Amino acid sequence: MKRGEFRTVSGGTEFTGKPRPALIVTDDFYSRSSSVVVCPLTTLPVNTPVLRIEVLPDTVNGLRRRSYIQIDKLGAVPVWKFGDRIGQLESSLMIEVDLALAAYLGLTK
């Protein structure tokens, strides 16, 4: 598993309980860890652009529907609860995710 990948996950935190795509945000340095930190995706739009980053489906990310990365639903999931690789987030949106996570976690002060 690599940072920036979309993978199917289920049975993790409350927000990854049902099977859904999630974005891996753990650094690749920790890829052999027993758990991985993710931001789950949703298809429900919410008017909070800093906390929901829109991703349009394409052949690279492998998503089937317009989705939103849920920055505020960050959670650690055991690696055995991951399913198949769906695709990869484009680098410009990964930068947007990084900035949103830094702000949400108070790392920009």
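Just a yes or no: is a residue in the range 49-65 assigned to a helix (DSSP H, G or I), within 23 Å of S10 (Cα to Cα) and within 12 Å of the chain's Cα centre (by Cα)? Steps first, please.
As a first pass, look at the range 49-65 and keep what is assigned to a helix (DSSP H, G or I): none.
Among the residues of the range 49-65, not one is assigned to a helix (DSSP H, G or I), within 23 Å of S10 (Cα to Cα) and within 12 Å of the chain's Cα centre (by Cα), which makes the answer no.
If you take the residues in the range 45-57 that are free of Cβ contacts under 8 Å to residues at least 12 places away in the same chain and over 21 Å from L105 (Cα atoms), which one is surrounded by the fewest Cβ atoms within 10 Å (Cβ to Cβ)?
L56
Filter the range 20-44 down to the residues that are in a loop (DSSP other than H, G, I, E, B) and surrounded by fewer than 12 Cβ atoms within 10 Å (Cβ to Cβ), then identify the one that is modelled with the lowest pLDDT. Reasoning before the result, please.
Initially, the range 20-44 is screened for residues in a loop (DSSP other than H, G, I, E, B), giving 25-27, 31-34, 43-44.
Checking which are surrounded by fewer than 12 Cβ atoms within 10 Å (Cβ to Cβ) leaves us with 27, 32, 34, 44.
Working: D27: 94, R32: 86, S34: 92, L44: 92.
Residue satisfying both the conditions and the ranking: R32.
Give me the residue from the range 77-92 that is over 11 Å from the mean Cα position of the chain (by Cα) and among the hydrophobic types (A, V, I, L, M, F, W, C) and, out of that set, nearest to S31 (Cα to Cα). Give the steps one after another, and end with the answer.
As a first pass, look at the range 77-92 and keep what is over 11 Å from the mean Cα position of the chain (by Cα): 77-87, 90-92.
Next cut, among the hydrophobic types (A, V, I, L, M, F, W, C) only: 77, 79-80, 82, 86.
Values: V77: 13, V79: 10, W80: 13, F82: 13, I86: 17 Å.
Checking each candidate, the answer is V79.
Quick check on K2: is it surrounded by fewer than 17 Cβ atoms within 10 Å (Cβ to Cβ) and touching an Asp or Glu at 6+ places or on another chain (Cβ under 6 Å)?
yes
Going by the structure shown, is D84 surrounded by fewer than 13 Cβ atoms within 10 Å (Cβ to Cβ), assigned to a strand (DSSP E or B) and either free of Cβ contacts under 8 Å to residues at least 60 places away in the same chain or charged (D, E, K, R) (or both)? Steps first, please.
On the way: surrounded by fewer than 13 Cβ atoms within 10 Å (Cβ to Cβ): yes; assigned to a strand (DSSP E or B): yes; either free of Cβ contacts under 8 Å to residues at least 60 places away in the same chain or charged (D, E, K, R) (or both): yes.
The answer is yes for D84.
Which of (1) within 13 Å of the chain's Cα centre (by Cα); (2) under 14 Å from E5 (Cβ atoms) does Q70 not meet, given it meets every other one?
Q70 satisfies every listed condition except (2).
Given the structure, is D28 touching a residue at least 12 places away in the same chain (Cβ under 8 Å), among the charged types (D, E, K, R) and touching a Lys or Arg at 6+ places or on another chain (Cβ under 6 Å)?
Numbers: touching a residue at least 12 places away in the same chain (Cβ under 8 Å): yes; among the charged types (D, E, K, R): yes; touching a Lys or Arg at 6+ places or on another chain (Cβ under 6 Å): yes.
Yes: the conditions hold for D28.
Whether any residue in the range 64-82 is in contact with a Phe, Trp or Tyr (Cβ under 9 Å, 6 or more places away or on another chain), among the polar types (S, T, N, Q) and within 15 Å of L101 (Cβ to Cβ) is what I want to check.
Scanning the range 64-82 turns up at least one residue that is in contact with a Phe, Trp or Tyr (Cβ under 9 Å, 6 or more places away or on another chain), among the polar types (S, T, N, Q) and within 15 Å of L101 (Cβ to Cβ).
For residues that are modelled with pLDDT under 95 and aromatic (F, W, Y), scanning just the range 63-97, find the one that is farthest from I53 (Cα to Cα).
Going through the qualifying residues, I end up with W80.
The values are calculated or read from the model by the stated rules, or taken from the named source; none is laboratory data. All values derive from a computational prediction rather than experimental measurement. Cβ sites come from the backbone with ideal geometry, for glycine too, and all protein chains shown count toward neighbours.
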